[in-house]
Amino acid sequence: MASTKLFLIFLLAALIATPVALAQLGGLLGGLLGLIHVDGVLYCSLNRKIDVISGLNTPSFPNASVQLQCGAGNVVSDTTTNGSGVFSFVLDPLQNILSSLLSNCSLVVTTPLSTCNASLPSVGLLQSHLQLAGNTVSGGLLHIVNLIPAGFQLP
């Protein structure tokens, strides 16, 4: 009888401790099971101004090469915009520290602006620093940090 009571006490203690252990494990894995997502839309413009005369938005810049460069021009990742000018990067936070991405990295468009509009300059590269857009938690464990361009312009 004593061994049954002892078993029940240990079982009760294990049941009480399980949620605490899972919460601690989730906190640990939350940092490991994370992603950094950089996305945006690239426009065929020096600074995406609206055409005041026609009232139309600036068209997007399809098939443009966009690089994520850090430090002295080190290419961390690259992609190409789709037909709507949308680009996206997914980065590993264990290899790319968020504070470094925000302070030491920028998005660089290596395709000349004249490719999408002959009246725009053919020299110079559009660049943008990154800014934090928010965080997303997916499935309770996956933590996604969302970054967007602060605004593309010629340096």
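Extension gain for Thr136-Ala118 works out to 2.5 nm (0.36 nm per residue, less the C-alpha to C-alpha distance).
In order along the stretch 113-121, the Karplus-derived 3J(HN,Hα) couplings, from 6.51 cos²θ - 1.76 cosθ + 1.60 at θ = phi - 60°, round to 4, 5, 5, 9, 7, 4, 7, 8, x Hz, and Gly and Pro are given as x.
Computed from the coordinates by the stated procedures, all read-outs in this text should not be read as laboratory data. Owing to the predicted nature of the structure, the values given are computational and were not obtained by experimental measurement.
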